[in-house]
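The values are calculated or read from the model by the stated rules, or taken from the named source; none is laboratory data. Just so we're clear, the structure is a prediction, and the values are computed from it rather than from any experiment. So basically every Cβ, Gly included, is an ideal-geometry build from the backbone, and we count neighbours across all protein chains shown.
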Amino acid sequence: MLYVVILFLFAAITLYFLLGGADFGAGIIELFTSTDNKHRTRKTMYQAIGPIWEANHMWLIITVVVLFVGFPVIYSEMCTYLHIPLLILLLGIIARGTAFTFRNYDAIKDENTQNFYNHMFVYSSFVTPLFLGIIAGSALSGQIDPTAKTFAGAYIFSWFNWFSVSVGFFTVALCGFLAAIYIVGESKEIADTKRYIKKAKIMNVAAVICGALVFTAAYFENVHLANWIFGNKIGVTVVVLATLSLVWLWMIISAQKNRQWIRLLAAFQVSMILIAVGHTRFPRFIIFKDGSSMSLLTDHASGKTIDDLAIGLMVGSLFILPALGYLYYSFQKKER
Amino acid sequence: MDDFIAARSQMALSLGFHIIYSCIGMVMPVFMAISHYKWIKTKDPIYKNITIAWSKGVAIFFATGAVSGTMLSFELGLLWPTFMKHAGPIFGMPFSLEGTAFFIEAIALGFFLYGWNKLNTWFHWVTGVVVGVSGIASGILVVSANAWMNSPSGFDYVDGKYTNIDPVKAMFNAAWFSESLHMTIAAFSATGFAVAGIHALMIYRKRNIQFHTKSFKIAIIFGATAAILQPLSGDISAKDAAKRQPAKLAAMEAYFHTQEYAPLVIGGIPDTATKKVNYGLEIPGLLSFLVHDNFKTPVNGLDKIPVKDQPPVAITHYAFQIMVGIGTLMMFIGIIYFIALFKKKSWFNKAWFLKLFIVATPAGFIALEAGWTVTEVGRQPWIIQGVMRTSEAVTKMPGIQYTFYLFTFIYFTLSVFVIFLLKRQIQMVPELYDR
């Protein structure tokens, strides 16, 4: 049953990264769109994510709940040492969620308030995934130091370091990439499609640059990232698959073919990155500066809790998954 | 500011705001579904307009409720990591089910809000109902997690270790039913009165009278019914507290000395130094009667509780008085409504009648906040009644006062925005729905 819970945990993280990530990406794309096209882009984005965005963010709730019920020690350690980035993440989530809703449900659409919501939306769409990446980077890279004597040592440098921050930017770029690819499938005019493809290209390049930054930072901060990923067969296979899928994706895009395929390929590519990192660190979930770690296989709740949680998750997914599938299907179908 | 006090204040503030957003978010969809049903059945376009107008309110409150709820799920760990380390696996069951209910609510809301003219009429209606049902289910589940803190069960606590954990038993703890019932009824009466009050104001100002009259009626029927039922559920809750949390009950009543024919103290200023209530109205025997169903049996007072295990008496007592006082007034207003509905239709057009409901707009939420204060402050100094002290649970990170200031700022800003948006929604009713 423990493995069922772990599977759900990884599935929820991956889905949050893909669906919530594409959602954040929508804001990131808006941030980097020229003023002339902003209005059109916003409208297309809104039609694409309006009905589904609340549901996309539920995966974060599932992740948190699984962590604090199933792995309470890990959750409380993260909450203690990563208090500040988690707090900023929350601020981002609040600003973004409310801005998105407010700008659509404000009965009077005057320019000033709309501009205010737009600013709030795009900047928080940038900050939130940045800090998600920072948190992930800090938990997995051994930067948390429970023995630190100073406030800064314990609560700031645990996350404010080159490696974690570059993981943050890498995450932002990936979200932008996911959103750009997603929206290519939504646009109805050739000119728009071309614009979004260009955006996707820029985001792809940005992701590659940030990825290089992550490896550089890892080298200087003594995080053996390259060794983790390329040091084992699964890691190498996954990276090769990710690269191949990327090449395939661009071939399809340049041939202007099936739009559903490019979404799947982008999702596949990003999942491969998550698997590469997740696999190499598994079962460790937090790694401390002294090399000790907290493991999903040992630092979990007692057996009865895990069993009940697993049953709860399985029963819950029987309700959620078909409903969610039908939601995506309905609003895909109706748009055509 | 002391870190511990800052953490408690931040938690109180976050829950205090979340409780408003989420109560409205779980009750409004029910009103919306009723009005939607009437539109489908009668084809009266006013009902369609009401449904659409309310659904925008639901969207705004769902979003604020969802983000403030997400914040809370993190704040539990950010502020009380030691509590979550031990309690998470025990009382986590309702949270994981709540996650599911919340997810379904979000999916159904997506269908509902974007489904006009796209979905089959009845399927569309059902999605609205699902929003309401899963919202209420979420509320009940979260409250049963809170009930566990008041009446912990489903584990053995031996030598500082939590063993024999049974999450299902913990979920169905002794307090879950009475507390969830009280909270759900409170949500209906508070939201019903608030929504009705706003529409009453618009009727009073003679704006879109038909639109607002129909809205008023749907909201107040729920609000008034809930307000009339609430004292019964309150009685169940008080008896329950007497059994399991005598300290809380004694603080609620500012009842210092154990005695026969225990009096019920109404109002008054409790003085913990002299252990007396000044200027209060004492009704001999009534507390004994309420707790034990007879006037003589003694009720345990604060003198039976060690001082270090006593909750703050004054706050708990005042909050309880406010809750009961306002609750009683709301019950009478509810009765007045039903008299008007069945016997005195002419009252509906009277200015005093409308003013009554306009004044009562915030009443339910004030009572709700007061009740929440009673249950939380009344449980102090414990975070898990009798097992873990709140002071043992707090985070070791210093500087919590700054996050408290930050959250205070955020919640106030958020509320200002919500009020601003609602005001603009109401302001636009003539233009959006008068066709």
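A single member of B:ALA53, B:ALA87, B:ALA33, B:ALA66 is aliphatic (A, V, I, L, M) and closer than 22 Å to A:LEU19 by Cβ, and it is B:ALA66. Within segment B:129-149, one or more residues are among the hydrophobic types (A, V, I, L, M, F, W, C), within 28 Å of B:ASP240 (Cβ to Cβ), touching a Phe, Trp or Tyr at 6+ places or on another chain (Cβ under 7 Å) and within 14 Å of chain A (Cβ to nearest Cβ). Within segment A:228-266, take every residue that is at pLDDT 80 or above and among the charged types (D, E, K, R) and give me the one that is surrounded by the most Cβ atoms within 10 Å (Cβ to Cβ). Among those that are at pLDDT 80 or above and among the charged types (D, E, K, R), it is A:ARG263.
Considering segment A:298-336, and only residues there that are outside any helix (DSSP H, G or I) and either in contact with a helix residue (DSSP H, G or I) (Cβ under 7 Å, 6 or more places away or on another chain) or over 30 Å from A:PRO146 (Cβ atoms) (or both), the residue that is nearest to the other protein chains (Cβ to nearest Cβ) turns out to be A:ALA301. Which of (1) away from chain A (no Cβ under 14 Å); (2) over 30 Å from B:PHE155 (Cα atoms); (3) out of contact with any helix residue (DSSP H, G or I) (no Cβ under 8 Å at 6 or more places or on another chain) does B:ARG389 not meet, given it meets every other one? B:ARG389 satisfies all of (1) away from chain A (no Cβ under 14 Å); (2) over 30 Å from B:PHE155 (Cα atoms); (3) out of contact with any helix residue (DSSP H, G or I) (no Cβ under 8 Å at 6 or more places or on another chain) except (2).
Would you check if there is a residue in segment B:169-186 being within 14 Å of chain A (Cβ to nearest Cβ) and either modelled with pLDDT of 95 or more or surrounded by fewer than 21 Cβ atoms within 10 Å (Cβ to Cβ) (or both)? Yes, some residue in segment B:169-186 is within 14 Å of chain A (Cβ to nearest Cβ) and either modelled with pLDDT of 95 or more or surrounded by fewer than 21 Cβ atoms within 10 Å (Cβ to Cβ) (or both). Within segment B:291-312, the set of residues being crowded, with 18+ Cβ neighbours inside 10 Å, out of contact with any Phe, Trp or Tyr (no Cβ under 8 Å at 6 or more places or on another chain) and not in a loop (DSSP other than H, G, I, E, B) comprises B:VAL291 only. For the residues A:PHE160, A:PHE169, the requirement of being under 20 Å from the mean Cα position of the chain (by Cα), under 30 Å from B:PRO398 (Cα atoms) and surrounded by fewer than 17 Cβ atoms within 10 Å (Cβ to Cβ) singles out A:PHE160. B:PHE172 - would you say it is over 19 Å from the mean Cα position of the chain (by Cα) and free of Cβ contacts under 8 Å to residues at least 40 places away in the same chain? Answer is yes for this residue. Could we say that A:ILE74 is more than 8 Å from chain B (Cβ to nearest Cβ), part of a helix (DSSP H, G or I) and modelled with pLDDT of 85 or more here? Judged against the criteria, A:ILE74 is a match. Could you tell me whether any residue of segment A:32-50 is at the interface with chain B (Cβ under 9 Å from one of its Cβ atoms) and either charged (D, E, K, R) or free of Cβ contacts under 8 Å to residues at least 60 places away in the same chain (or both)? Looking through segment A:32-50, at least one residue is at the interface with chain B (Cβ under 9 Å from one of its Cβ atoms) and either charged (D, E, K, R) or free of Cβ contacts under 8 Å to residues at least 60 places away in the same chain (or both). Within segment B:398-435, being under 23 Å from A:ALA152 (Cβ atoms), touching a residue at least 12 places away in the same chain (Cβ under 8 Å) and either surrounded by 13 or more Cβ atoms within 10 Å (Cβ to Cβ) or more than 9 Å from chain A (Cβ to nearest Cβ) (or both) holds for B:GLY399, B:ILE400, B:GLN401, B:THR403, B:PHE404, B:PHE407.
Looking at segment A:107-125, can you tell me whether even one residue there is of a type in the set (A, V, I, L, M), in contact with a strand residue (DSSP E or B) (Cβ under 6 Å, 6 or more places away or on another chain), touching a residue at least 60 places away in the same chain (Cβ under 8 Å) and closer than 26 Å to A:LEU18 by Cα? No, segment A:107-125 contains no residue that is of a type in the set (A, V, I, L, M), in contact with a strand residue (DSSP E or B) (Cβ under 6 Å, 6 or more places away or on another chain), touching a residue at least 60 places away in the same chain (Cβ under 8 Å) and closer than 26 Å to A:LEU18 by Cα. A:VAL69 is checked against (1) more than 16 Å from A:ALA26 (Cα to Cα); (2) touching a Ser or Thr at 6+ places or on another chain (Cβ under 9 Å); (3) more than 7 Å from chain B (Cβ to nearest Cβ) and fails just one. What number does that condition carry? Answer for A:VAL69: the failing condition is (3). Among the residues making up segment B:37-54, a single one is loosely packed, with under 13 Cβ neighbours inside 10 Å and outside any helix (DSSP H, G or I): B:LYS43.
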